[in-house]
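What follows is a set of notes on a single structure, which appears directly below.
The values are calculated or read from the model by the stated rules, or taken from the named source; none is laboratory data. This one's a predicted model, so the numbers in the text were calculated from it and none came from an experiment. Neighbour counts run over all protein chains shown; Cβ positions are idealised from the backbone, glycine included. The accessibility values were calculated without ligands, DNA or RNA, using every heavy atom of the protein model including side chains. Shrake-Rupley method; radii C 1.70, N 1.55, O 1.52, S 1.80 Å.
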Amino acid sequence: MDGGDHKCGDNQAVGRWTLVGTTALVTGGTKGIGHAIVEELARFGAAVHTCSRNEAELNECLQQWRALNLKITGSVCDVSSDVEREKLMQTANSVFHGKLHILVNNAGTLICKPVVEHTPEDYRRIISTNLDSAFHLSQLAHPLLKASGRGCIVNISSVSGFVAIDSASVYAATKGALNQLTRSLACEWAKDNIRVNCVAPAYIRTPLIQTVMLSEDEEFVAREARRVPLGRLGEPEEVAAVVAFLCLPVSDYVDGQVIIVDGGRTVNGNN
């Protein structure tokens with residue numbers, strides 16, 4: 001409930017819309033949604049560390065970010081590995097001197113095939129990359145987020161955690177679990193001043209979707225766009241903007257939420 005009029009000076013208002021002085025770790029930040037999130041947080045003033053499995057791709061991005069004068073560092077990490085996740089958090093701890101304000105669990109993978117065709121290796125790869133990594137990195141980040149005095153975790157889920165997507169059942173299972181992990185951690189860690197939220201995009205124009213799902217299939221793109229009231233697929237920057245909002249002081253009373261970014265697809269009765 002509103003307790004009445006709340007007035008503040010211009011400086012205080014601006015302070016609620018900046019990340020200057022904060023630190024952020026974003027997994028999978030060299031392409032797609034992750035790349036957009038890294039740049040968005042850095043442009044709001046955060047010092048960002050990101051990771052990628054591909055060292056050449058990471059170095060190319062770091063060079064571009066340096067040219068833009070963005071405070072972004074990076075290291076090589078396969079988040080499906082327990083050992084590499086631990087190494088990543090040790091690196092973040094060192095880079096940020098023991099304090100981390102923001103963790104964005106973005107890295108994910110999709111193997112698009114019917115359930116009966118999934119191998120045990122397929123299953124383990126999806127589970128370890130999409131779900132295990134978010135759980136373990138959140139666990140590892142907890143003391144650093146608590147030490148910051150104002151911690152924030154944003155998980156990147158998917159509308160497949162709410163609606164069925166063809167040939168993506170295992171992927172969808174990880175995203176549904178990630179949605180509930182978000183809610184549970186939000187309640188458990190609120191006492192430590194750590195907020196936990198989730199952003200669930202629909203089809204976004206990223207390299208992963210282009211390669212795995214769309215395959216330059218314009219008929220698929222057109223069919224999917226017809227399911228979206230806004231009439232198009234989303235862009236990575238449109239997801240990154242919502243993630244940034246959830247990290248800003250202005251969203252300090254938003255906790256345990258899964259925010260869908262889908263152009264209206266999941267509420268469209270004509271799906």
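Listed values, structure above:
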| quantity | calculated |
| --- | --- |
| Test: Val199 is aliphatic (A, V, I, L, M) and in contact with a helix residue (DSSP H, G or I) (Cβ under 8 Å, 6 or more places away or on another chain) | yes |
| Residue match in segment 113-121 (condition: out of contact with any Cys (no Cβ under 7 Å at 6 or more places or on another chain), within 17 Å of Ala24 (Cα to Cα) and open to solvent by less than 70 Å² (accessible area, probe 1.4 Å)) | no |
| Check on Glu40, under 19 Å from Ala240 (Cβ atoms), open to solvent by 10 Å² or more (accessible area, probe 1.4 Å) and part of a helix (DSSP H, G or I) | yes |
| Some residue of segment 106-126 being of a type in the set (Phe, Trp, Tyr) and closer than 19 Å to Gly161 by Cα | yes |
| Residue list for segment 142-188, filter: of a type outside the set (A, V, I, L, M), over 17 Å from Ile259 (Cβ atoms) and in contact with a Leu (Cβ under 8 Å, 6 or more places away or on another chain) | Ser148, Gly151, Tyr171, Thr174 |
| Any hit, segment 201-215, residues being modelled with pLDDT of 95 or more, open to solvent by less than 50 Å² (accessible area, probe 1.4 Å) and not in a helix (DSSP H, G or I) | yes |
| When residues of segment 150-165 are limited to those that are of a type in the set (Val, Ile, Thr) and over 29 Å from Val95 (Cβ atoms), the one least open to solvent (accessible area, probe 1.4 Å) | Val159 |
| Any chance Thr30 is of a type in the set (Ser, Thr, Tyr), in contact with an Asp or Glu (Cβ under 6 Å, 6 or more places away or on another chain) and at pLDDT 95 or above | yes |
| Residues of segment 47-93 satisfying the condition of being open to solvent by less than 30 Å² (accessible area, probe 1.4 Å) and in a helix (DSSP H, G or I) | Leu58, Cys61, Leu62, Trp65, Arg85, Leu88, Met89, Ala92 |
| Selection status of Ser138, of a type in the set (Ser, Thr, Tyr), assigned to a helix (DSSP H, G or I) and open to solvent by 10 Å² or more (accessible area, probe 1.4 Å) | no |
| Asp132 vs. criteria crowded, with 16+ Cβ neighbours inside 10 Å, among the acidic types (Asp, Glu) and in a helix (DSSP H, G or I) | yes |
| Flag if Lys146 is in a helix (DSSP H, G or I), within 25 Å of Glu84 (Cβ to Cβ) and in contact with an Asp or Glu (Cβ under 7 Å, 6 or more places away or on another chain) | yes |
| In segment 15-37, residue farthest from the chain's Cα centre (by Cα) [restricted to those that are in a helix (DSSP H, G or I) and hydrophobic (A, V, I, L, M, F, W, C)] | Ala36 |
| Ser75 being small (Gly, Ala, Ser) and in contact with a helix residue (DSSP H, G or I) (Cβ under 9 Å, 6 or more places away or on another chain) | yes |
| Residue among Asn155, Asn179 that alone is closer than 22 Å to Ala244 by Cα, outside any helix (DSSP H, G or I), of a type in the set (S, T, N, Q) and in contact (Cβ under 8 Å) with a residue 24 or more places away in the chain | Asn155 |
| One residue from Ala147, Ala168, Ala172 being crowded, with 18+ Cβ neighbours inside 10 Å, more than 18 Å from the chain's Cα centre (by Cα) and free of Cβ contacts under 8 Å to residues at least 60 places away in the same chain | Ala168 |
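Condition check ((1) modelled with pLDDT under 95; (2) closer than 27 Å to Trp189 by Cα) across all residues:
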| position | (1), (2) |
| --- | --- |
| Val48 | no, yes |
| Arg53 | no, no |
| Glu57 | no, no |
| Glu60 | no, no |
| Ser81 | no, yes |
| His101 | no, yes |
| Asn105 | no, yes |
| Pro114 | yes, no |
